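Notes follow once the structure below has been shown.
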Amino acid sequence: MCGIVGAVAQRDISEILLEGLSRLEYRGYDSAGLAVVDKDGHLQRLRRVGKVSALTEAAQAHPLSGGTGIAHTRWATHGEPTENNAHPHVSCHIVVVHNGIVENHEPLREQLRARGYTFVTQTDTEVIAHLVHWEQRQQNGALVEVMQRVVGALRGAYGTVIMDSRDPSVLVAARSGSQLVIGLGVGENFLASDQLALLPVTRRFMYLEEGDIAEITRRTVQVWDKTGQIVARPEIESQVKYDAGEKGLFRHYMQKEIFEQPQAIKNTLEGRFSHGEVTLSELGESANALLSQVQHVQIIACGTSYHSAMVSRYWFEALAGVPCDVEIASEFRYRKPAVRPGSLLITLSQSGETADTLAALRLTKTLGYLGSLAICNVAGSSLVRESDMALMTRAGTEIGVASTKAFTTQLTVLLMLVARIGRLRGMEKQVEEDIVHALQALPSRIEQMLSLDEPIETMAEGFSDKHHALFLGRGDLYPIAMEGALKLKEISYIHAEAYAAGELKHGPLALIDADMPVIVIAPNNELLEKMKSNIEEVRARGGLLYVFAEQDAGFTASENMKIIPLPHVEQIVAPIFYTVPMQLLAYHIALIKGTDVDQPRNLAKSVTVE
């Protein structure tokens, strides 16, 4: 959610700021803006509702020039998406951009009104601008000293960058729960909420830690920790590639990323097998001692990552014999969990900046877990840096807000982890060999499945006038039904629910009629006959069925039952495989509905607020 880019340089930085914002579009936003101080010390500001492209067009019509500036993409929390509420916000000569939420903005607003300040926006961010201005008036001093006083008055999770148009040689940043990274250049320095924004100008980065305040100039970077002490944060040479590229022949990034999944999974698997065994050598030799002690797994995640965690619960228990619990991070962090002996904490996040997941990880530091392991797609993220161990999914840059390849690569990493822990616990060698074989065959299986894109597109036409849908799955495919329902909701705005098929008779059958499409995931496994019984329950009540089943599963199409016959797939990896047709179905329905597929309304890819 939201994106920040800032720069202090000798050259004109407007294009750098705009390019940085365009690289942060994946985060989700509803407006964009930038402010630049020109060579004469004049502040120039542009803001627009909508896409970064609208801001770019405005900048072409009204050019901004200068060597110091800040830019922002806003995802509305306080106040509607309007140009007036868009960042940057200004209080006299103080300019502010801000990610996150100032939870105590209302009492601060009243204090500032009493001091004579007039608020012209509905945002909580304007409070920061006026506070900085007030503190600077009370005690003259460096901008960083002013910010050190201001942060003591703020409550909430935020990342903010401050600029004083009277002294454009300096930017000041503060981090409390929302990532900020400094990009190190030669005679110029940068700030952003994600290193992807800065890859065109630098590969050297410094990550701010929780509570840090930083002052950057063209030639210097200085950081103070939450106690006010000057600290040295490590410099990192980034190996990350911004590999989104252009959409090419694809209509949307989401479509492109669906079709990239065979290669993404190959990247995930590369170098992680040896002689029919899963190695995960990046965890290091010391990990063996820790993983061999695992008696229980606790997984914490949100959204799509929660669904991948739910699938892995079946794998951990059935394949590795390890009890596993899965919990939504926002629920976990607000209760008092009892930690089981020998419990490994696993956190899942695509971005590694998910606010609730990060907060849950920090909460567990003193609860007695064996250790923490992050599974993530961003190597330099907060979640990775704050965990004891990490496994990268290697999905590559994912631009579409609705996750596709990040999800299937998460599942791939989880299954490899199950094999690794299972072997340390005495799993039969044949089981691990079966897992390795199934994973190695998976990319080609998905390539076969993707050839069915046109039949799925034709099937999607039946949803043109639908407003509700029901997804059914059983066993480790039940979470995939949940993921299918989520994808449909996210990008087509159709209300969708998922149920374990055995639960039909406990309530959902009341919803079944000719206007309620029922999407069934029916792999050829030991639960197939049970699923066929559930399908008959729907047919008997006049329901309209869309069945995704293996081609030899014995289904016959009829007027009210459409069949998509899928290629054979090894049952161990069926949840990963059956995810892909659910993605395609949601994508084609969204096209019919005419929604914004890559950036659906009200959503953000990186959820950095509660």
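Go through the range 335-366 and count every residue that is without any contact (Cβ under 8 Å) to a residue 40 or more places away in the chain and part of a loop (DSSP other than H, G, I, E, B).
The number of residues fulfilling the criteria is 7.
Scan the range 140-158 residue by residue and report those that are in contact (Cβ under 8 Å) with a residue 60 or more places away in the chain, farther than 23 Å from ARG362 by Cβ and crowded, with 22+ Cβ neighbours inside 10 Å.
Answer for the range 140-158, where residues must be in contact (Cβ under 8 Å) with a residue 60 or more places away in the chain, farther than 23 Å from ARG362 by Cβ and crowded, with 22+ Cβ neighbours inside 10 Å: just MET147.
Among the residues of the range 325-335, write down those that are crowded, with 22+ Cβ neighbours inside 10 Å and touching an Asp or Glu at 6+ places or on another chain (Cβ under 7 Å).
Of everything in the range 325-335, just one residue is crowded, with 22+ Cβ neighbours inside 10 Å and touching an Asp or Glu at 6+ places or on another chain (Cβ under 7 Å), namely ALA329.
Which residue out of LYS487, LYS532 is of a type in the set (Lys, Arg) and either within 23 Å of MET254 (Cα to Cα) or at pLDDT 90 or above (or both)?
It is LYS487.
So which residues in the range 285-317 are in contact (Cβ under 8 Å) with a residue 60 or more places away in the chain and surrounded by fewer than 16 Cβ atoms within 10 Å (Cβ to Cβ), if there are any at all?
Of everything in the range 285-317, those that are in contact (Cβ under 8 Å) with a residue 60 or more places away in the chain and surrounded by fewer than 16 Cβ atoms within 10 Å (Cβ to Cβ) turn out to be ASN288, SER292, GLN293.
Being of a type in the set (A, V, I, L, M, F, W, C) and either without any contact (Cβ under 8 Å) to a residue 12 or more places away in the chain or touching a Phe, Trp or Tyr at 6+ places or on another chain (Cβ under 9 Å) (or both) is the filter here, so list the residues in the range 521-548 that pass it.
So in the range 521-548, the residues of a type in the set (A, V, I, L, M, F, W, C) come out as 521-522, 527-528, 531, 535, 538, 540, 544-545, 547-548.
Within the range 521-548, ILE521, ALA522, ILE535, ALA540, VAL547, PHE548 qualify.
Pick out the one residue from ALA496, ALA514, ALA510 that is among the small types (Gly, Ala, Ser) and under 24 Å from ALA309 (Cβ atoms).
Unique residue meeting the criteria: ALA496.
Could you list, in sequence order, all residues of the range 108-126 that are part of a helix (DSSP H, G or I) and either touching a Cys at 6+ places or on another chain (Cβ under 9 Å) or of a type outside the set (Lys, Arg) (or both)?
Once the filter is applied, which keeps residues that are part of a helix (DSSP H, G or I) and either touching a Cys at 6+ places or on another chain (Cβ under 9 Å) or of a type outside the set (Lys, Arg) (or both), the range 108-126 yields LEU108, GLU110, GLN111, LEU112, ALA114, THR125, GLU126.
Specify the residue that is nearest to MET310 (Cα to Cα); the eligible residues are those in the range 450-493 that are out of contact with any Pro (no Cβ under 8 Å at 6 or more places or on another chain) and part of a loop (DSSP other than H, G, I, E, B).
Only one residue tops the list, namely ARG474.
Working only within the range 1-35, note down all residues that are in contact with a helix residue (DSSP H, G or I) (Cβ under 6 Å, 6 or more places away or on another chain) and part of a strand (DSSP E or B).
Within the range 1-35, GLY3, VAL5, ALA7, ALA32, LEU34 qualify.
Among the residues of the range 159-195, count how many are in contact (Cβ under 8 Å) with a residue 24 or more places away in the chain and crowded, with 23+ Cβ neighbours inside 10 Å.
So the answer is 23.
From the list ALA71, ALA129, which residue is in a strand (DSSP E or B) and either within 26 Å of LEU46 (Cβ to Cβ) or not acidic (Asp, Glu) (or both)?
ALA71
Hey, among the residues in the range 107-139 that are among the acidic types (Asp, Glu) and surrounded by 12 or more Cβ atoms within 10 Å (Cβ to Cβ), which one's nearest to ASP164 (Cα to Cα)?
Residue satisfying both the conditions and the ranking: GLU135.
In this structure, does LEU46 turn out to be over 29 Å from the mean Cα position of the chain (by Cα) and either closer than 22 Å to VAL102 by Cα or surrounded by 14 or more Cβ atoms within 10 Å (Cβ to Cβ) (or both)?
no
So, of the residues in the range 196-211 that are among the hydrophobic types (A, V, I, L, M, F, W, C), surrounded by fewer than 24 Cβ atoms within 10 Å (Cβ to Cβ) and in contact with a helix residue (DSSP H, G or I) (Cβ under 9 Å, 6 or more places away or on another chain), which turns out to be modelled with the lowest pLDDT?
Selected residue: LEU196.
Could you tell me which residue of the range 64-84 is nearest to THR160 (Cα to Cα), considering only residues that are of a type in the set (Val, Ile, Thr) and modelled with pLDDT of 95 or more?
ILE70
Pick from the range 5-43 the residues that are in contact (Cβ under 8 Å) with a residue 60 or more places away in the chain and of a type in the set (Asp, Glu): which of them is farthest from LEU64 (Cα to Cα)?
GLU25
Only one residue in ILE435, ILE399, ILE375 is among the β-branched types (Val, Ile, Thr), in contact with a helix residue (DSSP H, G or I) (Cβ under 6 Å, 6 or more places away or on another chain) and part of a helix (DSSP H, G or I). Which one? Talk me through it step by step, then tell me what you get.
Values: ILE399 fails: part of a helix (DSSP H, G or I); ILE375 fails: part of a helix (DSSP H, G or I).
Matching residue, one of ILE435, ILE399, ILE375: ILE435.
Give the range 85-106 a look and list any residue that's within 12 Å of THR160 (Cα to Cα), outside any loop (DSSP other than H, G, I, E, B) and not β-branched (Val, Ile, Thr), or say none.
HIS89, HIS98, ASN99, GLY100, listed by residue number.
Among LEU367, LEU348, which is in contact with a strand residue (DSSP E or B) (Cβ under 7 Å, 6 or more places away or on another chain) and either closer than 20 Å to GLU285 by Cα or not small (Gly, Ala, Ser) (or both)?
Working: LEU367 fails: in contact with a strand residue (DSSP E or B) (Cβ under 7 Å, 6 or more places away or on another chain).
Only one candidate qualifies: LEU348.
Matching residues to (1) within 15 Å of PRO581 (Cβ to Cβ); (2) among the aromatic types (Phe, Trp, Tyr):
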| residue | (1), (2) |
| --- | --- |
| TYR493 | no, yes |
| ILE512 | no, no |
| VAL520 | yes, no |
| GLN551 | yes, no |
| ILE563 | yes, no |
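Tally the residues that are at pLDDT below 90 and among the hydrophobic types (A, V, I, L, M, F, W, C), restricting the search to the range 548-562.
Of the residues in that region, 4 qualify.
Conditions tested, residue by residue: (1) surrounded by 21 or more Cβ atoms within 10 Å (Cβ to Cβ); (2) of a type in the set (A, V, I, L, M, F, W, C); (3) touching an Asp or Glu at 6+ places or on another chain (Cβ under 9 Å).
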position	(1), (2), (3)
THR366	no, no, no
ALA374	yes, yes, yes
ASN377	yes, no, yes
MET392	no, yes, yes
ALA395	yes, yes, yes
SER403	yes, no, yes
ALA419	yes, yes, yes
LEU424	no, yes, no
MET427	no, yes, no
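Could you run through the range 321-334 and say how many residues are out of contact with any Leu (no Cβ under 9 Å at 6 or more places or on another chain) and outside any strand (DSSP E or B)?
Qualifying residue count, the range 321-334: 5.
When TYR369 is evaluated against the numbered criteria (1) part of a loop (DSSP other than H, G, I, E, B); (2) within 17 Å of the chain's Cα centre (by Cα); (3) hydroxyl-bearing (Ser, Thr, Tyr), which criterion, by number, is the only one it fails?
So the condition that TYR369 fails would be (2).
With respect to ALA496, determine if the residue is touching a residue at least 24 places away in the same chain (Cβ under 8 Å), small (Gly, Ala, Ser), assigned to a helix (DSSP H, G or I) and in contact with a Phe, Trp or Tyr (Cβ under 9 Å, 6 or more places away or on another chain).
For ALA496, the condition - touching a residue at least 24 places away in the same chain (Cβ under 8 Å), small (Gly, Ala, Ser), assigned to a helix (DSSP H, G or I) and in contact with a Phe, Trp or Tyr (Cβ under 9 Å, 6 or more places away or on another chain) - is not met.
The values are calculated or read from the model by the stated rules, or taken from the named source; none is laboratory data. Keep in mind that what you see is a predicted model, and the values were worked out from it rather than measured. All Cβ positions, even for glycine, are placed from backbone atoms using ideal geometry, and neighbour counts span all protein chains on display.
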